[in-house]
Amino acid sequence: MSSAFAQLTLSRIREFIREPEALFWVYGFPLLMATALGIAFRNQPVEQMRVDVVKTRADAPPADAGPLAALARESRFVVTEGTDTAARQRLRGGKTDVVVVVVRGAAELTTAEGSAVATDPPVAGGGAVATDPPVAEGGAVAEGAAVAKGGARYAYLYDFTRKESLLARNAVEDALQRAAGRRDAFMAEDRNFDEPGGRYIDFLVPGLLGMSLMGGGLWGVGYVIVDMRIRKLLKRFLATPMPRSHFLAAILASRLLFLLPEVLVLLAFARFAFGVQSQGGLVGVLVFILLGALAFAGIGLLVASRARTLESVSGLMNLVMLPMWVLSGIFFSSDRFPTAVQPWIKLLPLTMAIDGLRGVMIEGLAAWSQPRELIGLAIWASVSFALALRLFRWN
Amino acid sequence: MSDAIRVRDLRKTYPASPPVEAVRGIDLHVERGECFGLLGPNGAGKTTTIEILEGLLDATSGDVEILGLRWDRDGDAIRQRIGISLQETRLSEKLTLRETLRLFRSFYRQGRDPDQLIAQLSLGDKADARVGKLSGGQKQRLAVACALVGDPELLFLDEPTTGLDPRSRRELWSVIQQFRDSRRTVLLTTHYLDEAERLCDRVAIVDRGRVIACDTPRALIASLGGEHVIEFQASDRLATGGAGRRPTLDAMLALPSVTGARDDGERLALSVAEPHVAIPALLARLADLGFQLAGLTTRHASLEDVFIKVAGHALSDAEPSVRE
Ligand SMILES: Nc1ncnc2c1ncn2[C@@H]1O[C@H](COP(=O)(O)OP(=O)(O)OP(=O)(O)O)[C@@H](O)[C@H]1O
Ligand SMILES: [Mg+2]
């Protein structure tokens, strides 16, 4: 006859794989999440800027003549011509990034002889000279100042607080100034940076790993034990000579066993669908996964040690998990929270697990060069287990 | 050899407001090889008592010895030698019957072959069925199989047949009898009189946390003074409609061979040793007193009669105060 430990572990595995819904939540859900977020936040090839052109005067030159023609020529702009009302509406709806309003007529344009002055609300008070730090070519300012007598030739209408609008405005300004004859003081080269590790999906995968460690640990240990307590199965086991350590070891062992495919599926998926690769060694990844799993299994056991109903254990688990979902940086860096709470956030086990995993996967660090996370997780695991065993009720 | 179970002045008070005195001083003494029954209504304290004996609950006070051992010192040794089935356990529904038994078997140093046990409990065709798909009776039999799989010397069964149809009950009875016939001990609780009468060598009648009578079913019934019961209704011949006088219990007790009389409300019930002596005398006496007999039946006395006599209320009354 095989040992109680082997039989208990086998039973857990059987129960688990015979529960299709559980399989979905454990294995399917993180994949769906990775796919959805990976697609939503994928790095688009090159972002195009949407520019609307509005002519306020009947004698304005056609869009394909003069400096405006430069906008239509450059592939990074998508140019739409329309009325003022239509353009404002598109701006409100986020359908365009910036509206270029042509303020002067064709006759005035020809006399101004191809140099543009833009009224630029955020920087220039009087609107006479475009002193524009983001573009900041000394030449443009000087030239602009030389032809400033006639007043603004274009107005840029956009939301000053929207990043895309600001980008588009600066690009349009640049293109128009150049087309109107501005000389750049020097040449610069653009180089694209798209090395693995820098994308959102690279940031997200360690977060999802941490999230599934937490969910798996709490549900896979906490919920399962409370369910057995409610069914009086714990009590029934207590009346047999079953060694209690075998029972707890079996719960833990089966949890770690389920973890393996869980983690591998997510890592493999991220690798093949998005090319996510760990910069650091696999050992480091495994160390943090294992420590994280132990810490969350311990917390799961602690949560389950007294709870008598599924409602109370679900409530407790949400109480434990919710703050970490928000604070621990699964989807965005936890650095965004105020400095005052940072030390506390760093103490959360999920923050430790995710930071450790990101350290290995993104920065290529070794596990032991992150002693804070390493030791922190070990402490979480041992303290929660010790406390849970002390508090645990069998019936 | 020590007794199977020895209990002295067992008490259990559940902390609550007000505290619930579930067990109020129980003494028990179960010998090896006997099938002993705790019979009592809902809330009598049967489950509380049996769970203390199983080591699952701590007593408030009292002394418990199981197979000559004590829970506080020899818990593990006791657990190796007993088998139990709780009043309600929901075994894992996703496991098959065979897997469940193998699991329980793995907890014991020695035990029985799960497959052989499955055959003995005539569950062979369900061996590979999931527990969730079994009928109530099959689940109960599985629970008993889990209790037997460690090959125990002492079996505790808390209401093993509650909710089963007559055939399933008889099947379980025969399993329990086979176990007892191999000179091993059974302690079971029940609120079925016929179960206690048929299955148990001795019965303790438990009511409101106390044992109010304890003996073999035969001796308990004999203690009524007569093994027969005559039940009858009598109406007052002189009364015009409605309820009139009723024969007094004293008058009935004065009849020959009548050892007990009680008023069940609608009918009167007499404990009688020899019905052929008592009935003619009863008929004559009723006629003398001016009563007309409306209906009369005789039957063998049962544990129910014993229960009513010692407890002062019927077994089916969970709230005894209603009748008192
Ligand atoms: N955990 C508990 N806390 C408080 N009171 C309890 C508890 N368990 C049982 N009781 C009370 O103790 C009394 C005896 O309960 P017990 O379960 O022993 O009765 P029983 O004889 O097994 O009844 P049944 O035939 O319904 O199973 C009841 O009044 C019950 O309400
Ligand atoms: Mg009970």
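The values are calculated or read from the model by the stated rules, or taken from the named source; none is laboratory data. In this text, all values refer to a predicted model and were calculated from it rather than measured experimentally. A quick note on method: Cβ atoms are made from the backbone with ideal geometry, for glycine too, and the neighbour counts reach across all protein chains shown. SASA here: full protein model, heavy atoms, side chains in, ligands and nucleic acids out. Shrake-Rupley method; radii C 1.70, N 1.55, O 1.52, S 1.80 Å.
Within segment A:301-316, is even one residue under 30 Å from B:Glu88 (Cβ atoms), under 28 Å from the mean Cα position of the chain (by Cα) and open to solvent by 50 Å² or more (accessible area, probe 1.4 Å)? Checked against the condition, which is being under 30 Å from B:Glu88 (Cβ atoms), under 28 Å from the mean Cα position of the chain (by Cα) and open to solvent by 50 Å² or more (accessible area, probe 1.4 Å), segment A:301-316 yields at least one hit.
When B:Ala143, B:Ala196, B:Ala127 are checked against the criterion of being within 30 Å of A:Arg14 (Cα to Cα) and away from every other protein chain (no Cβ under 13 Å), a single residue qualifies: B:Ala127.
Taken residue by residue, segment B:163-181 has no member that is within 16 Å of ligand 1 (Cβ to nearest atom) and at pLDDT 90 or above. The residue that is most open to solvent (accessible area, probe 1.4 Å), among those in segment B:242-275 that are under 20 Å from B:Asp305 (Cα atoms) and in a helix (DSSP H, G or I), is B:Asp250. Within segment B:67-74, is there a residue that is within 14 Å of chain A (Cβ to nearest Cβ) and assigned to a strand (DSSP E or B)? Looking through segment B:67-74, at least one residue is within 14 Å of chain A (Cβ to nearest Cβ) and assigned to a strand (DSSP E or B).
Conditions (1) more than 14 Å from chain A (Cβ to nearest Cβ); (2) assigned to a strand (DSSP E or B); (3) within 16 Å of ligand 2 (Cβ to nearest atom), marked per residue:
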{"position": "B:Ala16", "(1), (2), (3)": "yes, no, no"}
{"position": "B:Ala22", "(1), (2), (3)": "yes, yes, yes"}
{"position": "B:His29", "(1), (2), (3)": "yes, yes, no"}
{"position": "B:Gly43", "(1), (2), (3)": "yes, no, yes"}
{"position": "B:Ile50", "(1), (2), (3)": "no, no, yes"}
{"position": "B:Ala59", "(1), (2), (3)": "yes, no, no"}
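The residues in segment B:137-162 that are open to solvent by 50 Å² or more (accessible area, probe 1.4 Å), more than 16 Å from ligand 2 (Cβ to nearest atom) and over 18 Å from B:Arg98 (Cβ atoms) can be counted, and the count is 1. Quick one: is B:Ile78 outside any loop (DSSP other than H, G, I, E, B) and more than 15 Å from ligand 1 (Cβ to nearest atom)? Criteria met by B:Ile78. Number of residues in segment B:91-124 that are under 30 Å from B:Leu69 (Cα atoms), more than 10 Å from chain A (Cβ to nearest Cβ) and surrounded by 19 or more Cβ atoms within 10 Å (Cβ to Cβ) equals 2.
The set of residues in segment B:282-302 being open to solvent by 50 Å² or more (accessible area, probe 1.4 Å) and in a strand (DSSP E or B) consists of B:Gln292, B:Leu293, B:Ala294, B:Leu296, B:Thr297, B:Thr298, B:Arg299, B:His300. Only one of the listed residues (A:Asp355, A:Asp335) is crowded, with 19+ Cβ neighbours inside 10 Å, in the same structural domain as A:Gly207 (by TED's automatic domain parsing), out of contact with any strand residue (DSSP E or B) (no Cβ under 8 Å at 6 or more places or on another chain) and assigned to a helix (DSSP H, G or I). That residue is A:Asp355. Taking residues in segment B:76-90 that are facing another protein chain (nearest Cβ under 7 Å), and partners anywhere that are small (Gly, Ala, Ser) and open to solvent by 10 Å² or more (accessible area, probe 1.4 Å), the pairs with Cβ atoms closer than 9 Å and at least 6 places apart or on different chains are B:Arg79/B:Gly55; B:Leu86/B:Ala143; B:Thr89/B:Ala143.
Select from segment B:1-35 the residues that are buried (at least 21 other Cβ atoms within 10 Å of the Cβ) and within 16 Å of ligand 1 (Cβ to nearest atom) and list them in ascending order. Answer for segment B:1-35, where residues must be buried (at least 21 other Cβ atoms within 10 Å of the Cβ) and within 16 Å of ligand 1 (Cβ to nearest atom): B:Val7, B:Leu10, B:Lys12, B:Ala22, B:Val23, B:Ile26, B:Leu28. Only residues that are open to solvent by less than 70 Å² (accessible area, probe 1.4 Å) and in a loop (DSSP other than H, G, I, E, B) were counted across segment A:358-395, and they come to 8. Residue under question is B:Gly150, and the condition is that it be under 27 Å from A:Val224 (Cβ atoms), out of contact with any Phe, Trp or Tyr (no Cβ under 8 Å at 6 or more places or on another chain), assigned by TED's automatic domain parsing to the domain that holds B:His191 and small (Gly, Ala, Ser); does it hold? Here the answer is no, as B:Gly150 does not meet what is asked.
Restricting segment A:129-176 to residues that are modelled with pLDDT of 85 or more and touching a Lys or Arg at 6+ places or on another chain (Cβ under 8 Å), the residue that is nearest to A:Met187 (Cα to Cα) is A:Ala171.
Per-residue answers, yes or no, for (1) at the interface with chain B (Cβ under 10 Å from one of its Cβ atoms); (2) charged (D, E, K, R); (3) in contact with a Phe, Trp or Tyr (Cβ under 7 Å, 6 or more places away or on another chain):
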| position | (1), (2), (3) |
| --- | --- |
| A:Asp227 | yes, yes, no |
| A:Thr240 | yes, no, yes |
| A:Arg244 | no, yes, no |
| A:Phe247 | yes, no, yes |
| A:Ala250 | no, no, yes |
| A:Arg255 | no, yes, no |
| A:Ala268 | no, no, no |
| A:Phe272 | no, no, no |
| A:Gly275 | no, no, no |
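Has segment A:226-245 got at least one residue that is in the same structural domain as A:Pro349 (by TED's automatic domain parsing) and more than 30 Å from B:Ile66 (Cα to Cα)? Yes; the residues of segment A:226-245 include at least one that is in the same structural domain as A:Pro349 (by TED's automatic domain parsing) and more than 30 Å from B:Ile66 (Cα to Cα). Return yes when A:Leu209 is modelled with pLDDT of 85 or more, surrounded by fewer than 17 Cβ atoms within 10 Å (Cβ to Cβ) and away from every other protein chain (no Cβ under 14 Å) and no when it is not. In short, no. State yes or no: is B:Leu39 assigned by TED's automatic domain parsing to the domain that holds B:Arg198 and open to solvent by less than 10 Å² (accessible area, probe 1.4 Å)? Yes, satisfied. Only a single criterion out of (1) of a type outside the set (D, E, K, R); (2) open to solvent by less than 10 Å² (accessible area, probe 1.4 Å); (3) away from ligand 2 (no atom under 14 Å from the Cβ) is not satisfied by B:Gly68, namely (2).
Taken over segment B:182-199, the criterion of being among the hydrophobic types (A, V, I, L, M, F, W, C), more than 16 Å from ligand 1 (Cβ to nearest atom) and closer than 21 Å to B:Glu65 by Cα is satisfied by B:Val186 alone.
For segment B:206-217, give me each residue that is open to solvent by less than 10 Å² (accessible area, probe 1.4 Å) and away from ligand 1 (no atom under 12 Å from the Cβ). Correct list: empty. Among the residues of segment A:184-203, not a single one is within 14 Å of chain B (Cβ to nearest Cβ), assigned to a loop (DSSP other than H, G, I, E, B) and either in contact with a Phe, Trp or Tyr (Cβ under 9 Å, 6 or more places away or on another chain) or under 30 Å from A:Arg308 (Cα atoms) (or both). Out of B:Arg285, B:Arg299, one residue alone is out of contact with any Gly (no Cβ under 8 Å at 6 or more places or on another chain), within 23 Å of B:Asp194 (Cα to Cα) and at pLDDT 85 or above. It is B:Arg299.
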